[in-house]
1. Restricting to region 376-412, give me the number of residues that are in contact (Cβ under 8 Å) with a residue 40 or more places away in the chain and open to solvent by 60 Å² or more (accessible area, probe 1.4 Å).
2. Is there any pair linking a residue in region 311-340 that is over 14 Å from GLY504 (Cβ atoms) and of a type in the set (Lys, Arg) to one that is modelled with pLDDT of 95 or more and open to solvent by 20 Å² or more (accessible area, probe 1.4 Å), with Cβ under 9 Å and at least six apart or on different chains, and which?
3. Residues being open to solvent by less than 60 Å² (accessible area, probe 1.4 Å) and over 21 Å from the mean Cα position of the chain (by Cα): count how many of those fall in region 420-430.
4. Here's a check for you: in region 140-182, which residue that is under 21 Å from the mean Cα position of the chain (by Cα) and polar (S, T, N, Q) is most open to solvent (accessible area, probe 1.4 Å)?
5. Is there any pair linking a residue in region 76-102 that is assigned to a helix (DSSP H, G or I) to one that is surrounded by 12 or more Cβ atoms within 10 Å (Cβ to Cβ) and not aliphatic (A, V, I, L, M), with Cβ under 6 Å and at least six apart or on different chains, and which?
6. Please go through region 119-139 and give me each residue that is open to solvent by less than 10 Å² (accessible area, probe 1.4 Å) and under 16 Å from ARG587 (Cβ atoms), ordered by number.
7. Scan (1) at pLDDT below 95; (2) surrounded by 14 or more Cβ atoms within 10 Å (Cβ to Cβ); (3) of a type outside the set (Ser, Thr, Tyr); (4) over 30 Å from GLY584 (Cβ atoms) for the single condition ILE222 breaks and write down its number.
8. Within region 170-203, which residues are basic (Lys, Arg) and closer than 27 Å to TYR31 by Cα?
Amino acid sequence: MKNLKRIILISLFVFVFFNPLIVKASNDMIYSIDTIVDLQDDGTANITQIWDIQTNSGTEFYIPMTNLNKMKLENFSVVDEEGVEFDFQSDWDLNASLEQKAHKCGINKIDDGFELCWGKGSYGRHIYTLTWEYKNVVQAYNDFDGFNIRLVNDNMDPVPKSISAVIKKDGFDLSNKNSRIWAFGYKGEINFTDDGMIEALSEDNLNKYNYMNIMVRFDKGIFDPIIENDYSFDEVEDLAKQESSYENEEISLGKGLKSIVIIAIPFVFIWLIAKKISKSGFEIPYEKAGIKLDLFPNNYKKILSKDVDYCRKIPLENNLDMMHYISNLNWYSITIKRDIISAYLLYWIKNRNIEIIERIKYDIINPEKDKKILTFKMMDSPNFKSDPERALWTMMIISAGEDKILDEGEFSRYVIRNLEQYRIWFGDSIRSGGARFLDIGGIEPIKKSKKSKTNITQNGILLVKEFVGFKKYLDDFTLINEREVKEVELWDDYLIIATVLGLGEKVADQMKKLVPNYVFAKPIYEEKGDIYDIQSIVTLTNSFGETASYAYRSIFSSSSSSDGGGGSSSYSGGGGYSGGGSGGGSR
């Protein structure tokens, strides 16, 4: 149940501890839409959907429902962050005022279906918890039971920044032994969790074309569906996979099945072992005094921002591997692989090991479309602080080739050719950070422990709290620094740490607002005569990290994701779905 609790706690606490002094944005914003699908024996799904929003205009939010097919929607309700349950209006008035719609919800009929509507009540930050029942979600087919359902629409305005879903059946563990899972419409992942649920999670930077369709196939006997279809689930699956990356993966697999099976077996084995060994997805042993220690503390509990004060001191010895380790411990997410690479690139730029250069990207077919792009040139080797830093630098030097100019495509191709080396590198980075955390007294071996476990120490809790407090400081950077910008000389380091935490683009924007002429690694680029915009630098480093990590996830998980074992979602496809439709958001 840890994933379910994570979604609910994040959504509830973000408002309760939200700082009211933050200036309102000019437009509405949907920070996240998190959905919980609670499946019942008869195929009904009890839906809970949590919207975390900032609103500054309009009178209501709405969700078009134009594609229910054989499903029925009943018992729609809304509760706000203060626990106020909205009054259901049987005849929804679109033209009512903001005040008239306050604490009210209802259904608005349209030509091709209806809309779920609820009033904003007031402007500012709100969390709305929507609930409804979907009848006949799980349906019976000739071969299996299952569904293909849309949980978040495309063409929403505003576009949600992130979307997620948890699918569960109380009293029953869903796993790859009894189910198959696919996700469509967004860049991210879908996986079975250790506690018997299905979790789908997007990456950031969604656009209006993104949506979330989830398709699940169940073995017979798990449900007793009311609706029975006279065709197979294979037909549902074939339709959904059309024009999706799953379809492309299956074509690739078909061209060389024998060789791919040979390649896939060790990767799948390694993945299964890694998932089994550690909650974080990594095996993290450490050799000390002849004893192998598990660096994942036995007694560790996540530390939330609400439990700590702001911290301005650069944390954890400014050690990127140690920050990677604590980030994995406290906030593990699928973007963590991108963030540590992006942070190292910024670190090397700051220390003159890498230069940003411009080059021409030629269009052979249409020379008029030739354009300038930013990329990297590898310079002098760093003064390495850890073996993982040395290993990552070596991978990039090899990727760059003789001209030492490193393009995204070159590093991505290197990753594809060296999947195992790349996978091990992430574990080594976390292991290096955990070993350093052990050395400075952050964790300690449990005495008389046969399993060589460790516990976090009081000093370790203090160090983690400082790191979480520093993250909280970066989260509210603009607000805190409205009247003082004394730390500008430290901003390069702040930006690197923000990138480890997945906040690079946000903090870069905030820095630009506070000091428009701020330049990352200013002494270097003023000396060269080239000054690049801070947002461009962060976008470039994030793009490198994202291209490599996504290539890894796509290739590494393709053998299991295409056949429903979990892994990367498909950016497109998902046809034949039920539920939802297109559009929605604020108006």
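1. So the count comes out to 3.
2. Within 9 Å, the pairs are LYS313/GLU466.
3. Matching residues across region 420-430 total 2.
4. Result: ASN155.
5. As it stands, the answer is LEU98/THR59; LYS101/THR59; LYS101/GLU60; LYS101/GLY119, since those pairs meet every condition given.
6. Selection gives GLY119, LYS120, TYR128.
7. (1)
8. Taking region 170-203 and keeping what is basic (Lys, Arg), we get 177, 180, 187.
Of everything in region 170-203, just one residue is basic (Lys, Arg) and closer than 27 Å to TYR31 by Cα, namely LYS187.
The values are calculated or read from the model by the stated rules, or taken from the named source; none is laboratory data. Note that the structure is a prediction, hence the values are computed from the model and not measured. Neighbour counts are summed over all protein chains in view; Cβ atoms, including those assigned to glycine, are modelled from backbone coordinates with ideal geometry. Protein only, heavy atoms only, side chains kept; ligands, DNA and RNA dropped before computing areas. Shrake-Rupley method; radii C 1.70, N 1.55, O 1.52, S 1.80 Å.
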